[in-house]
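Data first, discussion second: the structure below is written as structure tokens.
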Amino acid sequence: MPHSTETAAGPEHRIRGLILDFAGVLTADPRPMHQAWCLAEGLDAEAWRNTLNDHPEGRRLYTALEVGEIDQATWNEGTAALLGRHVDPVNLMGRAWSSVPVARRMVALARAARTAGLRLALLSNSFGLDPFDPYRHAGIWDLFDVHVVSEIVGLAKPNPAIYQLALDRMGLAGEECVFVDDHPVNLPPAAALGITTVLARDEDAAVAALESLLGPV
């Protein structure tokens with residue numbers, strides 16, 4: 001269930017900005033699609049997740065990709081080798097991610113919020129932009145006034161500086177913003193800046209939490 005911090009904006013700090021993570025917030029939970037992709041590639045269903053999260057070299061490569069120390073093509077080569085000799089590195093990220101659905105209710109709410117006059121920021125830990133651009137593939141890039149993507153800015157959540165950068169680019173105070181992310185570790189640095197946070201575990205529940213915070217949009 002989503003969780004809102006106790007830093008919710010009062011009357012003197014009306015919500016003026018909405019900050020959204022990408023994967024797991026503007027998309028459906030990617031894990032079922034990644035599992036299906038692994039099985040289609042002749043891998044264990046959890047091979048993608050285990051390689052990126054638990055394998056020391058896999059984690060190193062992904063961390064480097066997030067902050068732009070390596071590009072996606074380099075990541076594709078290195079990670080394919082970890083997954084298995086038979087795994088083709090060409091557009092590896094795109095092949096694994098291209099079937100992940102957009103979170104349509106969340107996107108619709110974000111679009112309505114922007115139409116109602118809120119400033120919208122994308123705050124995303126990147127998984128590369130070339131050859132596969134997940135944001136344009138999902139059709140959400142043009143939805144936002146501000147884009148803070150870790151690969152581009154050289155910072156990644158939960159580094160507090162990336163949240164402040166998002167606020168600075170929006171021209172808003174923390175107390176005027178709501179931030180949605182699906183990883184609990186990414187919320188406390190936002191809350192420390194006065195941002196109201198919502199933990200997205202389920203799209204419908206997260207949308208309901210935002211509707212309660214934002215009111216009619």
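The values are calculated or read from the model by the stated rules, or taken from the named source; none is laboratory data. No experiment lies behind these values; they were computed from the predicted model shown. Here the Cβ is made from the backbone with ideal geometry for all residues, glycine too, and neighbour counts use every protein chain on show. When the accessible area is computed, the model is the full protein with side chains, heavy atoms only, and any ligands, DNA or RNA have been set aside. Shrake-Rupley method; radii C 1.70, N 1.55, O 1.52, S 1.80 Å.
Taking the criterion of being surrounded by 14 or more Cβ atoms within 10 Å (Cβ to Cβ), farther than 24 Å from Asp44 by Cβ, under 13 Å from the mean Cα position of the chain (by Cα) and not aliphatic (A, V, I, L, M), would at least one residue in segment 137-149 satisfy it?
Looking for residues that are surrounded by 14 or more Cβ atoms within 10 Å (Cβ to Cβ), farther than 24 Å from Asp44 by Cβ, under 13 Å from the mean Cα position of the chain (by Cα) and not aliphatic (A, V, I, L, M), one finds at least one in segment 137-149, hence yes.
Select from segment 111-136 the residues that are open to solvent by 30 Å² or more (accessible area, probe 1.4 Å), part of a helix (DSSP H, G or I) and closer than 17 Å to Pro30 by Cα and list them in ascending order.
Arg136
Suppose we keep only residues that are without any contact (Cβ under 8 Å) to a residue 40 or more places away in the chain and of a type outside the set (Gly, Ala, Ser) within segment 125-143. Which one would you say is farthest from Leu18 (Cα to Cα)?
My answer is Asp133.
What are the residues in segment 57-74 that are assigned to a loop (DSSP other than H, G, I, E, B) and open to solvent by 70 Å² or more (accessible area, probe 1.4 Å), if any?
Glu69, Asp71
Go through segment 32-52 and count every residue that is over 18 Å from His86 (Cβ atoms) and open to solvent by 70 Å² or more (accessible area, probe 1.4 Å).
Qualifying residue count for the region: 1.
Restricting segment 80-106 to residues that are touching a Gly at 6+ places or on another chain (Cβ under 8 Å) and among the hydrophobic types (A, V, I, L, M, F, W, C), which is surrounded by the most Cβ atoms within 10 Å (Cβ to Cβ)?
Met93
Any residue at all in segment 132-142 that's within 23 Å of Trp37 (Cβ to Cβ) and of a type in the set (D, E, K, R)?
Scanning segment 132-142 turns up at least one residue that is within 23 Å of Trp37 (Cβ to Cβ) and of a type in the set (D, E, K, R).
Taking the options Val146, Val102, name whichever one is β-branched (Val, Ile, Thr) and within 21 Å of Arg14 (Cβ to Cβ).
The match here is Val146.
Restricting to segment 75-110, name every residue that is under 16 Å from the mean Cα position of the chain (by Cα), in contact (Cβ under 8 Å) with a residue 40 or more places away in the chain and not in a helix (DSSP H, G or I).
Val100, Pro101, Val102, Ala103
Scan segment 160-178 for residues that are under 17 Å from the mean Cα position of the chain (by Cα), of a type outside the set (A, V, I, L, M, F, W, C) and surrounded by 15 or more Cβ atoms within 10 Å (Cβ to Cβ) and jot them down.
Tyr163, Gln164
So if I check each of Glu77, Glu12, which one is farther than 30 Å from Glu211 by Cβ and either modelled with pLDDT under 95 or open to solvent by 10 Å² or more (accessible area, probe 1.4 Å) (or both)?
Glu77
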